[in-house]
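Comments concern the structure below.
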Amino acid sequence: KAGVTQTPRYLIKTRGQQVTLSCSPISGHRSVSWYQQTPGQGLQFLFEYFSETQRNKGNFPGRFSGRQFSNSRSEMNVSTLELGDSALYLCASHNLAGKGYEQYFGPGTRLTVT
Amino acid sequence: GESVGLHLPTLSVQEGDNSIINCAYSNSASDYFIWYKQESGKGPQFIIDIRSNMDKRQGQRVTVLLNKTVKHLSLQIAATQPGDSAVYFCAENGAGGGADGLTFGKGTHLIIQP
């Protein structure tokens with residue numbers, strides 16, 4: 001089975017712009033979660049989608065949003081980019097939603113905001 | 001609030017020796033824990049998990065120990081190899097409460113000396 005894929009792998013944007021990142025989960029997985037990884041804050045949960053519905057959301061401002069399509073692919077969007085949004089954005093998938101299960105991660109998208 | 005944290009940021013061991021990476025958690029209701037390995041430029045890779053009804057679980061060259069009394073878990077890697085060099089994270093994703101999504105510790109950088 002192919003793993004979780006994320007595109008693009010690297011991205012450079014300017015403050016004030018918006019960005020859309022894409023994630024394709026492992027085939028058959030219906031749950032997709034997004035995480036932000038920075039040296040200072042570590043790995044932090046952004047949100048989780050299951051069957052096209054957002055189930056949970058972490059403590060991030062409304063500039064961070066996401067969606068999931070009927071084929072379980074997911075996108076996340078960050079509007080009005082700030083320098084502090086520079087991070088590795090990771091997507092993880094599982095065939096079940098919620099807690100009590102491991103998640104499988106993609107390689108991430110490295111976003112640099114200048 | 002809930003947190004999952006690692007005691008040591010860096011651990012250096014000789015190739016062939018055993019490694020022990022520690023993790024403390026604060027949410028006594030946590031009932032599911034995972035260890036991830038993250039190599040440079042890659043997303044976290046699942047290593048092993050353990051549920052709170054167990055004290056110990058073994059995998060290939062890895063063992064996870066859970067001490068619920070002091071809210072501590074550890075990852076033991078036997079006969080470390082150069083490929084074990086990575087950052088190791090403990091994470092909690094239990095149904096017993098806590099933040100949504102995986103809650104990660106800060107990570108321990110394991111360095112294997114030749």
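Please treat every number below as a calculation from the coordinates, not as lab data. The shown structure was predicted, so the numbers you read here are calculated from the model rather than taken from an experiment. Here the Cβ positions follow ideal geometry from the backbone for every residue, glycine too, while neighbour counts run over all protein chains shown.
Subtracting the Cα-Cα distance of A:Ala2 and A:Gln17 from their residue separation scaled by 0.36 nm leaves 2.2 nm. Taking loop as defined by DSSP and a crowding limit of 15 other beta carbons within 10 Å, which GluC sites (Glu not before Pro) in segment A:1-101 fit? Of the GluC sites (Glu not before Pro), the ones in loops of segment A:1-101 whose Cβ has at most 15 other Cβ atoms within 10 Å are A:Glu52, A:Glu82. Classify chain B from the C-alpha gyration tensor, please: rounded if a/c falls under 1.5, else prolate or oblate depending on whether a/b exceeds b/c. Note, shape of chain B comes out prolate. Shielding by partners for peptide B:43-50, expressed as the average number of C-beta atoms from other protein chains within 10 Å of each residue's C-beta, is 5.
Beyond 27 Å in Cα-Cα separation lie the following of the pairs A:Lys13/B:Lys37; A:Lys57/B:Lys42; A:Lys57/B:Lys56: A:Lys13/B:Lys37; A:Lys57/B:Lys56. The DSSP beta bridges internal to chain B are antiparallel in roughly 90% of cases.
A prolate overall shape is assigned to segment A:60-114, the ratio a/c of its alpha-carbon gyration tensor axes (a ≥ b ≥ c) being 1.5 or greater and a/b exceeding b/c. Within chain A, DSSP assigns beta bridges of which about 90% are antiparallel (rounded to the nearest 5). Springs between Cα atoms under 10 Å define the GNM used for chain A, and in it the highest mean-square fluctuation of A:Arg30, A:Arg67, A:Arg55 occurs at A:Arg55. Suppose the Debye formula is applied to equal point scatterers at every Cα of the protein assembly as shown; what is log10 I(q)/I(0) at q = 0.11, 0.15, 0.18 Å⁻¹? Rounded to two decimals, the profile gives -0.54, -1.00, -1.34.
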